[in-house]
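Let me begin by presenting the structure, written as C-alpha cells, before commenting on it.
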Amino acid sequence: IILFLIMLMTGILETFSLFSIIPVLLTINGSSKIRNIPIFQTISDRYSIEPNTFFIYACIFLILISLISTFTKILNLWISERLSAAIGSDISCRVFDLILNQPYNYHLNINSSKLIASTTAHIDGLVVVLRSLLRLFTSLLIVIFLLIGLISISFRIAISTTFIFSITYVFFSAFSKRKLYGYSKSHVKNINLQIKSLQEGLGSIRDVILTNSQETFLKKYRKADFPMRIALAKSNFLGLSPKYILECLGIILIILLILFLNLSSRPNDLGIIPIVGTIALGAQKLLPAMQQSYNSWAILGYNFLSIIEILTLLNLNSNKNNQKLIKSNINIFSNNLKFDKIEFTYDKSTTNVLKNINFTILPGERIGVIGKTGSGKSTLINILMGLLEPTQGSVLIDNQNLYKNPNREFLYNWRRQIGHVPQQIFLTDGSIAENIAFGESNQEINFDRVIESAKKAQISDYIELTNDGYNT
C-alpha cells in the first residue's frame, strides 16, 4: 500500500516538474507571455511580482520540484527492491520447506540438480521478475500522468508522439515474444544442466583426477553454460535495443515539431520555445518510462519458465511432520519386526523390485542382506527404515502396522530410532559435534551422548587430538 502511494506520488511529481518548466521558459527573457496563462497572471497580480522576479521564483520552484521528485523516485526504488527481496526470500524458504518435507520417494524420482536450480537460479529469476513488475507499475503510472500533462499542453502533438512511440514498442513486443519464450526454455534447460555438471564433476573429483577426465566434465559444463549466457545476452539485447531507436525518433519528432510550429499560420498564446521545451522535457521523461515498461515486459518473458518451475514446487503438498511428535525417544521395538507379504514397485516402473518378501527380526539380532546389484537390497532397507511405503503388504513392529497406523507419531518415532550409515558418507560443513548429532541445533546437542557415540565409533582418540576437539 505504501509503495503504491509512492508510485502515485512519483507520477504526479513528474507531471508537476513538466509543468514547472513552462514559467521558466516564458520568463527567461522577461517575456510578458506569462500573463497569457490565468494561474500565473493571478499569482503575478496578487503579489505584484515583476517578470524578472517571477523568473527567479519559477527557477526555485523548478529546483524544489526536481529535488522532491528525485527523492520520491529513489524512495520508490528502495522500497521496490526491499519488497521484491522480501517476497523472494519468503518464496525461496517456502519452496525449500516444501522440498525438504516431501516423502523419500519424491526425491528418488527427481534430479537433485533441478531442485538446486529451482531454489537458487530460478528463485533469482523470480525476484528479478517481481522487481521488474514493480518498476513496470511505476513506469506505467508515470507514462499516464505525463501523457495527461502533455495532452493539456498540446493535444495533437501529445497524441501523435505517444502513438508513434507506442506503435514502435508494440512492434518490438510482437517481434520479441516468441524469441523470449525460446530464450526462457534455453535458460531453464541449461541452468539445470550447468548445476548437474557441477555436481557430477565435484562429487566424483577423486575419480576425475584418477582418470584424468577433467576435460570431459569441462566440456559438459561449457555445453550448458555458453548457450545459457548467450540466451541471456540476446534477451537483454531485445529488452534494451528499442531505447536507441526511440531516442533517434524523439529527436526527429522534436525537429519536425519546431518546423510545424514555425510554419503554422495560427497564432499561439505561449510561443514556440515554451511548447518545444515542454514537449522535449516531456519526451525526455516519457521515453525512459516507456522503455522501462517494455524492458520489464521483456524480463518477464525471459524468466517466464523459471516462474513456472517455482509455481510447480509451490503447488507440492506439504507433508510437514509435527516437530513436537518426533522429538520423543519412545522405544517401540521390544518384541519383533515383521515383513508380511511385502511388494514394492517404483512409480515409473512396471516391474516389482520386491515380491512376496516375508521375514521376522527379533531385538538384538544382527542381520545381513545380500544380493546382486538391482535385487532390491536398498529398497528393502528403505522400507524397513520407514522411508518407502510398500506397494502391498505390511511392516509390523510389535504387531503394529508401521505405515497404516492412524497414529503418525508411531512412524516418526520409529524413524527417530534408526541409525543409518550410508555407503556414500555425507558431512555437513559444520563441527564434528554437529555432524555426530545430525539434525540437532547447537543448543540441543547433548555432548555426553556425542562423546559416547564417538567412543563407540572408535574415533574419539582422533577427535581429542585436534585443536578444537568436538568443535573442530
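The values are calculated or read from the model by the stated rules, or taken from the named source; none is laboratory data. Bear in mind the structure is a predicted one, so any value in this text is a computation, not a measurement. So basically every Cβ, Gly included, is an ideal-geometry build from the backbone, and we count neighbours across all protein chains shown. Please note that ligands, DNA and RNA were not included when accessible areas were found on the heavy atoms of the full protein model with its side chains. Shrake-Rupley method; radii C 1.70, N 1.55, O 1.52, S 1.80 Å.
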- Scope the stretch 108-119; condition touching a helix residue (DSSP H, G or I) at 6+ places or on another chain (Cβ under 8 Å) and part of a helix (DSSP H, G or I); matching residues: 112, 113, 114, 115, 116, 117, 118, 119
- Item | Subset tally (residues that are touching a residue at least 40 places away in the same chain (Cβ under 8 Å) and either within 16 Å of residue 336 (Cα to Cα) or within 40 Å of the chain's Cα centre (by Cα) (or both)) for the stretch 390-410 | 12
- With the first residue restricted to the stretch 162-187 and required to be under 25 Å from residue 309 (Cα atoms), and the second required to be among the charged types (D, E, K, R) and in a helix (DSSP H, G or I), Cβ contacts under 8 Å at 6 or more apart or on different chains are 179/234; 183/234
- Query: So which helices (runs of 4 or more DSSP H) stay within the stretch 432-472 end to end and still have 1 or more residues that are under 18 Å from residue 420 (Cα atoms), open to solvent by 60 Å² or more (accessible area, probe 1.4 Å) and of a type in the set (D, E, K, R)?
  - Reply: 447-456
- Subset of the stretch 136-153 [surrounded by 22 or more Cβ atoms within 10 Å (Cβ to Cβ) and within 23 Å of the chain's Cα centre (by Cα)]: 138, 139
- Spot the failing condition for residue 231; the list is (1) modelled with pLDDT under 85; (2) open to solvent by less than 30 Å² (accessible area, probe 1.4 Å), and only one is missed. (1)
- Query: Can residue 382 be described as touching a helix residue (DSSP H, G or I) at 6+ places or on another chain (Cβ under 8 Å), part of a loop (DSSP other than H, G, I, E, B), open to solvent by less than 60 Å² (accessible area, probe 1.4 Å) and at negative phi?
  - Reply: no
- Message: One residue is enough: does the stretch 240-253 have a residue meeting the conditions open to solvent by 80 Å² or more (accessible area, probe 1.4 Å), modelled with pLDDT under 75 and either in a helix (DSSP H, G or I) or under 30 Å from residue 145 (Cβ atoms) (or both)?
- Response: yes
- Task: Among the candidates 65, 56, 34, 22, single out the residue that is modelled with pLDDT under 90, closer than 19 Å to residue 288 by Cβ and either assigned to a helix (DSSP H, G or I) or under 26 Å from the mean Cα position of the chain (by Cα) (or both).
- Result: 65
- Item | Residues being in a helix (DSSP H, G or I) and open to solvent by 80 Å² or more (accessible area, probe 1.4 Å) - total across the stretch 212-228 | 7
- Among 445, 425, 418, 332, which is the only one that is touching a helix residue (DSSP H, G or I) at 6+ places or on another chain (Cβ under 7 Å), of a type outside the set (D, E, K, R) and closer than 30 Å to residue 471 by Cβ? 445
- Apart from one, (1) in contact with a Lys or Arg (Cβ under 8 Å, 6 or more places away or on another chain); (2) open to solvent by less than 80 Å² (accessible area, probe 1.4 Å) all hold for residue 392; the odd one out is (2)
